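One structure is given below, encoded as structure tokens.
Please treat every number below as a calculation from the coordinates, not as lab data. In this text the structure is predicted, and so the values were computed from the model without any measurement. Counting neighbours? That spans all protein chains shown, and the Cβs are built from the backbone with ideal geometry, glycine included.
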Amino acid sequence: MENRIQGRRILITGASAGIGKACAERFAAAGANLLLIARRLGRIKELQAELSRENSVGIECFPLDVRDREAVRKFAVELTDRKLTPDILINNAGLASGLNSLQEGDWDDWDRMIDTNIKGLLNVSRSLIPLMIAAGRGHIVNLGSLAGYQVYPKGNVYNATKFAVRALSEGMNIDLTGTGIRVSMISPGAVNTEFSEVRFHGDREAAARVYEGYTPLYAEDVAEAVYFIVNAPPHVNVQNMLITPTAQRNVYCVDRAEKS
């Protein structure tokens, strides 16, 4: 397969762990230059050092909470001043927090998910898309979820945020018609990352039970799919990709006897 991203500048939010980190590793190996964004500067600095040892690419790190709109605006100004407009934007930052029925939901969990998954994506997109339009190039990949297609018990607000990501991705595609900027969404099913540990507020035993009895996706699997999307020829726009483990066919149908 032709490598079309070598030398491109790729900005990844939530790059400190999970799918974001795996994307950084995959793109660096393909020769892309990286802008790594995360709240945890120490983690992305460690990743920067690791990737710099293994690849001859440019990597810069920025501590940023995508929920902080003013900080995101200032970040966009910094990118403009330093002529670091990304060719590809990976809106990866997102999380699930809590697993409760709606009537027993935790307000703080709700705010955390809505502020990160919806408002965070909007803050980054609204601030950076004008830069990409001015540059006359770009590709945006939003991280959705199988949860954006099917609601499951006690998923309520998380489901709502991922349904919103799906709607926003479709809206971006329409609004960016004629700009040459592509918009894609990738929607994974069960992926074994820190996701469940975050959802259960650090309870590793509860998180591990989510993946018992079958082989889930891993962050590297999703990163490989994202690479396929952004490496497509310029005239090809993969608007949506739904990817699940072989053992999972929807949020309810998981073969837990299929562990390999």
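Figures for the structure shown
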item	result
Rounded to the nearest 20 debye, dipole of the chain from Cβ charges on Lys, Arg, Asp, Glu	580 debye
Among L51, L95, I140 - extreme Cα towards positive end, dipole of the chain, charges at beta-carbon	I140
Cβ-defined net charge surrounding P86, 9 Å radius [Lys, Arg +1; Asp, Glu -1]	+1
Principal axis box of segment 9-243, alpha-carbon based, largest edge first, Å	47, 40, 34
Residues with amide H under 5 Å from that of L242, placed H, sequence gap 5 or more	S187
Under 30 Å, Cα to Cα: Lys pairs in segment 9-243, sequence gap 8 or more or different chains	17
Farthest toward positive dipole pole in segment 9-243 [+1 Lys/Arg, -1 Asp/Glu at C-beta], among A208, T179, S125	T179
Phi to ³J(HN,Hα) by Karplus 6.51 cos²θ - 1.76 cosθ + 1.60 over segment 95-103, Hz, x for Gly, Pro	6, 10, 9, x, 8, 9, 5, 4, 6
Ellipticity estimate at 222 nm from DSSP helix runs (n ≥ 4, -39,500 (n - 2.57)) divided over the chain, nearest 500	-12500 deg cm²/dmol
Gyration tensor (alpha-carbon) shape descriptor, segment 1-79, a/c threshold 1.5	prolate
Sequence-separation-based contact order of the chain, relative, with Cα cut under 8 Å and 6+ spacing, percent	19 percent
